[in-house]
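Remarks on the structure that follows.
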Number of protein chains: 4
Amino acid sequence: MLQDRFVPPGNAFTRRVTVRFSHCDPAGIVYFPHYFDIFNGLIEDWYEQELGYNYADLIMGSHYGFPFVHIECDFKIPSRMGDIINLTLLVDRVGRSSLGIAIVCHLDGLERLRARMVTAMMSLETRKPVPLPPALREKIEAYRLRTTSG
Amino acid sequence: MLQDRFVPPGNAFTRRVTVRFSHCDPAGIVYFPHYFDIFNGLIEDWYEQELGYNYADLIMGSHYGFPFVHIECDFKIPSRMGDIINLTLLVDRVGRSSLGIAIVCHLDGLERLRARMVTAMMSLETRKPVPLPPALREKIEAYRLRTTSG
Amino acid sequence: MLQDRFVPPGNAFTRRVTVRFSHCDPAGIVYFPHYFDIFNGLIEDWYEQELGYNYADLIMGSHYGFPFVHIECDFKIPSRMGDIINLTLLVDRVGRSSLGIAIVCHLDGLERLRARMVTAMMSLETRKPVPLPPALREKIEAYRLRTTSG
Amino acid sequence: MLQDRFVPPGNAFTRRVTVRFSHCDPAGIVYFPHYFDIFNGLIEDWYEQELGYNYADLIMGSHYGFPFVHIECDFKIPSRMGDIINLTLLVDRVGRSSLGIAIVCHLDGLERLRARMVTAMMSLETRKPVPLPPALREKIEAYRLRTTSG
């Protein structure tokens, strides 16, 4: 199988995650739903550490939710306990109330898996989509631009 | 939003799952990685109850694994604690060593989410794909035929 | 090691749980936090199926919570993928707002683990303990009496 | 309720953990089984970062397991999304093949919960307890001594 090389754009938000015992299944590799939980944590950290938003406040304080409307993921190379994997978050698309994110898991320059996730901002009270607040949208758009190669 | 109606084919493998407190997040809806864990359980039950294979034996005894190579999922209607959702498993495609499965979550004739998942049978020893054993393939193909409408 | 025999009292609430692939760790046995999640599910089922209370309504409708204040657990025999374990719920003690529960996991007459858990009923609004409603307390007390041997 | 103050011994292994959205339940507080998963991660980090052992190698390489034989936990103050809690690991007792650990979760000098956990070292092949290797035991004992106040 041809392997996919991946080098994250210089300014991309990347975090290292140690694969734990608890992530792994009896076959010794990461049980796949854990990846999605790890991705959700990465998105939280990106809001806080890259965009400067307090994720807990957005949800508990402002009563916004960010449910996923679409997810797809290609699993290419399994990860095992003790692996220290890198996760890079890229923005695919900023819509009116939706946000398309790519998360690439990589190690030693090889892609291990790649997910594309679309989330929609919604009010937890009306349960309807709400437009992304302009300040937030601007920050996300700026992030997208500075992490788009070429 | 136009809602998607869903009526499972008569012979399709369908199981009811109660949405538990532990499935739900602070917004009161199912935290999405739990769906994938629920799907994995449905697939195990399908192997055992529909195809007549002991899933634990396949993995621990015969040292086969069924890692996912691709997953996609559309989330349409959120589910809340106490909802009793229906999950129907359909077979999209039977490959040489791979299997394409669709799982539809539905309630009251409406699709709540739909996942497409591709799994590959592999040897846990060589970590390489292995062809589906003929007897297993035959059972899966027969299931596919009897659950394909039209 | 001397093994502990266990026969549940005749009227005790017992449910069978299949140990799934996803419950197990790289050592092939149940990863212990999953037991606590399984116990929480058992308690939900007990409220609904034995006491006749809708657990989701109690929490989402009446804004009560049942946080644990104390848990202890002895792990005696590990369980593996495919094991169909039995879980029996017993009531140790009914307090003013607290409830002491024992959960015994057993198979073939042998105790595999035993947990004691104390939960307190509280208002999600005031975040203070509230007395168990008399009707609920009565049902729990009746359950305790009919499942106490001797 | 009288609150328990806690100041960790100077040399104690302490890590900060951000309470995530995914840790929390519909009541907005940490769903308790997640604490045990977090504790397990803390113990892994302690082996690696404090004792200098590669936890993955111990388990996957040397085929040792560290199953818990006893756990108890008092939950005192709930934690919510966004809280940055501190977790301190203390050693209660070093036995022949068993290890008694205390984990204290604290914030702003107040104990939020305290767990006592007993783990036993065992061979994954024979499934029998094995004595702690002398070098490991020595390091644990030294840690215990330098973190025991008084």
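State yes or no: is B:Ala27 within 7 Å of another protein chain (Cβ to nearest Cβ) and part of a loop (DSSP other than H, G, I, E, B)?
yes
Residues to consider are A:Val19, A:Val94; find the one that is in contact with an Asp or Glu (Cβ under 6 Å, 6 or more places away or on another chain), within 11 Å of chain D (Cβ to nearest Cβ) and in contact (Cβ under 8 Å) with a residue 40 or more places away in the chain.
Values: A:Val94 fails: within 11 Å of chain D (Cβ to nearest Cβ).
Result: A:Val19 is the single residue among A:Val19, A:Val94 that is in contact with an Asp or Glu (Cβ under 6 Å, 6 or more places away or on another chain), within 11 Å of chain D (Cβ to nearest Cβ) and in contact (Cβ under 8 Å) with a residue 40 or more places away in the chain.
For the range A:78-97, name all the residues that are touching a His at 6+ places or on another chain (Cβ under 9 Å) and modelled with pLDDT of 95 or more.
Within the range A:78-97, A:Ser79, A:Ile85, A:Asn86, A:Leu87, A:Thr88 qualify.
Filter the range C:4-46 for residues that are of a type in the set (Phe, Trp, Tyr) and at pLDDT 95 or above; which is nearest to A:Pro33 (Cα to Cα)? Before the answer, list the steps.
Step one: filter the range C:4-46 for residues of a type in the set (Phe, Trp, Tyr), giving C:6, C:13, C:21, C:31-32, C:35-36, C:39, C:46.
Within this subset, residues satisfying the condition of being at pLDDT 95 or above are C:6, C:13, C:31-32, C:35-36, C:39, C:46.
Numbers: C:Phe6: 35, C:Phe13: 31, C:Tyr31: 15, C:Phe32: 18, C:Tyr35: 18, C:Phe36: 19, C:Phe39: 21, C:Trp46: 28 Å.
Once the filter is applied, the top-ranked residue is C:Tyr31.
If I go through the range B:124-150 residue by residue, how many of them are of a type in the set (Gly, Ala, Ser) and touching a Pro at 6+ places or on another chain (Cβ under 8 Å)? So that I can check it myself, show each step before the final result.
Restricting attention to the range B:124-150, the residues satisfying the condition of being of a type in the set (Gly, Ala, Ser) are B:135, B:142, B:149-150.
Cutting the leftovers down to touching a Pro at 6+ places or on another chain (Cβ under 8 Å) gives us B:149.
Count: 1.
Out of C:Val17, C:Val7, C:Val30, report the one residue that is among the hydrophobic types (A, V, I, L, M, F, W, C) and surrounded by fewer than 17 Cβ atoms within 10 Å (Cβ to Cβ).
On the way: C:Val17 fails: surrounded by fewer than 17 Cβ atoms within 10 Å (Cβ to Cβ); C:Val30 fails: surrounded by fewer than 17 Cβ atoms within 10 Å (Cβ to Cβ).
After ruling out the rest, the residue left standing is C:Val7.
Looking at this structure, is D:Gly41 out of contact with any strand residue (DSSP E or B) (no Cβ under 8 Å at 6 or more places or on another chain) and within 7 Å of another protein chain (Cβ to nearest Cβ)?
Numbers: out of contact with any strand residue (DSSP E or B) (no Cβ under 8 Å at 6 or more places or on another chain): yes; within 7 Å of another protein chain (Cβ to nearest Cβ): yes.
Here the answer is yes, as D:Gly41 does meet what is asked.
Of the residues B:Ile140, B:Ile84, which is within 14 Å of chain C (Cβ to nearest Cβ) and not charged (D, E, K, R)? So that I can check it myself, show each step before the final result.
Numbers: B:Ile140 fails: within 14 Å of chain C (Cβ to nearest Cβ).
Of B:Ile140, B:Ile84, the one residue that is within 14 Å of chain C (Cβ to nearest Cβ) and not charged (D, E, K, R) is B:Ile84.
Scan the range C:84-102 and give yes if some residue there is over 19 Å from C:Glu44 (Cα atoms), of a type outside the set (S, T, N, Q) and in contact with a strand residue (DSSP E or B) (Cβ under 6 Å, 6 or more places away or on another chain), otherwise no.
Scanning the range C:84-102 turns up at least one residue that is over 19 Å from C:Glu44 (Cα atoms), of a type outside the set (S, T, N, Q) and in contact with a strand residue (DSSP E or B) (Cβ under 6 Å, 6 or more places away or on another chain).
Go through the range D:93-118 and give me each residue that's out of contact with any Gly (no Cβ under 8 Å at 6 or more places or on another chain) and crowded, with 19+ Cβ neighbours inside 10 Å. Before the answer, list the steps.
Start the filter on the range D:93-118 by keeping residues that are out of contact with any Gly (no Cβ under 8 Å at 6 or more places or on another chain), which leaves D:95-115.
Listed by number, the residues that qualify are D:Leu99, D:Ile101, D:Ile103, D:Val104, D:Cys105, D:His106, D:Arg112, D:Leu113, D:Arg114, D:Ala115.
With respect to C:Leu87, is the statement that it is under 18 Å from the mean Cα position of the chain (by Cα), in contact (Cβ under 8 Å) with a residue 40 or more places away in the chain and within 27 Å of C:Glu141 (Cβ to Cβ) true?
Values: under 18 Å from the mean Cα position of the chain (by Cα): yes; in contact (Cβ under 8 Å) with a residue 40 or more places away in the chain: yes; within 27 Å of C:Glu141 (Cβ to Cβ): yes.
The answer is yes for C:Leu87.
In this structure, does B:Leu124 turn out to be in contact with a strand residue (DSSP E or B) (Cβ under 8 Å, 6 or more places away or on another chain), touching a residue at least 24 places away in the same chain (Cβ under 8 Å), within 14 Å of chain C (Cβ to nearest Cβ) and not polar (S, T, N, Q)?
On the way: in contact with a strand residue (DSSP E or B) (Cβ under 8 Å, 6 or more places away or on another chain): yes; touching a residue at least 24 places away in the same chain (Cβ under 8 Å): yes; within 14 Å of chain C (Cβ to nearest Cβ): yes; not polar (S, T, N, Q): yes.
Yes, satisfied.
With A:Arg112, A:Arg144 as the choices, which residue is more than 30 Å from A:Phe21 (Cβ to Cβ) and modelled with pLDDT of 95 or more?
Details: A:Arg112 fails: more than 30 Å from A:Phe21 (Cβ to Cβ).
From the options A:Arg112, A:Arg144, the qualifying one is A:Arg144.
Restricting to the range A:55-65, count the residues that are at the interface with chain D (Cβ under 9 Å from one of its Cβ atoms) and surrounded by 16 or more Cβ atoms within 10 Å (Cβ to Cβ).
4
Select, from A:Asp57, A:Asp37, A:Asp45, the only residue that is in contact (Cβ under 8 Å) with a residue 12 or more places away in the chain and not in a strand (DSSP E or B).
Values: A:Asp57 fails: in contact (Cβ under 8 Å) with a residue 12 or more places away in the chain; A:Asp37 fails: in contact (Cβ under 8 Å) with a residue 12 or more places away in the chain.
One residue alone meets the criteria, A:Asp45.
The values are calculated or read from the model by the stated rules, or taken from the named source; none is laboratory data. These numbers come from a predicted model, not from an experiment. Ideal geometry is used to build each Cβ from the backbone, glycine not excepted, and the neighbour counts take in all protein chains shown.
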